[in-house]
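Structure, as structure tokens:
Bear in mind these aren't lab numbers, they're just calculated from the coordinates by the rules spelled out. Please read these numbers as outputs of a predicted model, since none were measured by experiment. So basically every Cβ, Gly included, is an ideal-geometry build from the backbone, and we count neighbours across all protein chains shown.
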Amino acid sequence: MKQEIRMEVIEGSEQKDQQGQPVPGTGTPKYQYILNMAEIKGGLDLTVADSSTVSVSKVATFEQSFALFQAGVIDQEALLDAADYPNRDEIIKRMQRKQQQAMQSQMQAVQAQQQTEQQKMQVDVQKNTQDNQTKLQVEAMKQRNGMLLGGAR
């Protein structure tokens, strides 16, 4: 009895026939192995682990998380968590400190700008007050001069 060997291939990697149907045995194998039994001496100790699918899953999760981060759906902390990045707690603390420092600097800049604007307004008010006082003094002098000229006649 002949045993049929079935090869799993990566979906979409098969060659297509004229009708567009996949040609069996032409795709990229999911799993490849070359084993020459003549070269194996003393038996075979084989361990199979499914960890490769876990790492692929982690990569896919990170890629999805990165896309969400770029879209603004998740923040940097969630991205570091998705990447399972080493020392992420320390990195997050540093980012928070930098953000606080940036906010403080921004607040100081706004306060400085407000003070500058207030000083400009005070200078304008003082200048306007002086201009008005000067105008009033000129008017008062004109009136006195007019009375003196009119009264001297």
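Each label was represented as a point 7 Å from its Cα along the Cα-to-Cβ direction; for Ala71 and Ile91 these points are 2.2 nm apart. At an R0 of 35 angstrom, the distance between the Cβ atoms of Lys142 and Val110 translates into a FRET efficiency of 0.15.
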